[in-house]
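**Q** Just passing along the structure, written as structure tokens.
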């Protein structure tokens, strides 16, 4: 693992928020922080020794009608098909802008976790993630991640599994 974490170093405030959310929900997963930011799925995969498709990226969309937030947790190897997503959520969607994303999740773009959001959000889980043996998800900061299984992801997010790529 490149940019290996310092096991004695405290977590950043954002990563600690995710760690606390995981513990508060009864999950024993451990958030790690790398020495360097991982700003792409491939960089994150390289840092933890997995494939880009095993990296869970959390993308926040805004429904065009009503403005509700929808979080898509997708494989780092996939692009979200917004037409498929629109059919799933019942109307057109657009990517959330940085202000909207921070408002509804409590986190900045680049480290959006699948859990611990500021407000309860609808979550759609990329069905492809369920075909993989293990995953890594962002944990509130571009340097932070945690390992989990596809089943963990569905349980943590209470998300609806769908084909979105």
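**Q** Note down the relative contact order for the chain as a percent, whole number, built from C-alpha pairs under 8 angstrom at least six residues apart.
**A** Working: 341 pairs, mean separation 42.5, N = 165.
Relative contact order here is 26 percent.
**Q** What is the fewest-to-most order of 163, 53 by other Cβ atoms lying within 10 Å of their Cβ?
**A** Working: 163 11, 53 19.
By the 10 Å Cβ count, ascending: 163, 53.
**Q** Let me ask another. Is the shape of the chain best called rounded, prolate or oblate, per the rule: a/c under 1.5 gives rounded, else a/b larger than b/c gives prolate, else oblate, with a ≥ b ≥ c the square roots of the Cα gyration tensor eigenvalues? Kindly include the intermediate steps, with their values, before the conclusion.
**A** Numbers: a/c = 1.72, a/b = 1.44, b/c = 1.19.
Cα axes put the chain in the prolate bin.
**Q** In degrees from 0 to 90, rounded to the nearest 10, what is the angle of the helix 13-24 Cα long axis to the longest principal axis of the chain?
**A** Helix 13-24 sits at roughly 80 degrees to that axis.
**Q** Which of the peptides 108-114, 20-26, 65-71 is most tightly packed, and how do the rest follow, going by the mean number of other Cβ atoms within 10 Å of each residue?
**A** Values: 108-114: 21.9, 20-26: 14.0, 65-71: 15.9.
Listed from highest to lowest mean packing, they are 108-114, 65-71, 20-26.
**Q** For 144, 134, what ranking results if the residue with the fewest other Cβ atoms within 10 Å of its Cβ goes first? Display every interim value, and only then the final one.
**A** Numbers: 144 25, 134 12.
So the ranking, lowest neighbour count to highest, is 134, 144.
**Q** Compute the FRET efficiency between residue 65 and residue 151 as 1/(1 + (r/R0)^6), taking r as their Cβ-Cβ distance and R0 = 22 Å, and round to the nearest 0.05.
**A** Working: r = 33 Å, r/R0 = 1.50.
E between residue 65 and residue 151, to the nearest 0.05, is 0.10.
**Q** Taking the alpha-carbon centroid of each part, what is the distance from region 87-165 to region 64-83 in angstrom?
**A** Each part reduced to its Cα centre gives a spacing of 9 Å.
Every number here is computed from the coordinates shown, using simple stated rules; none is lab data. Quick caveat: nothing in here was measured; it's all calculated off a predicted structure. A quick note on method: Cβ atoms are made from the backbone with ideal geometry, for glycine too, and the neighbour counts reach across all protein chains shown.
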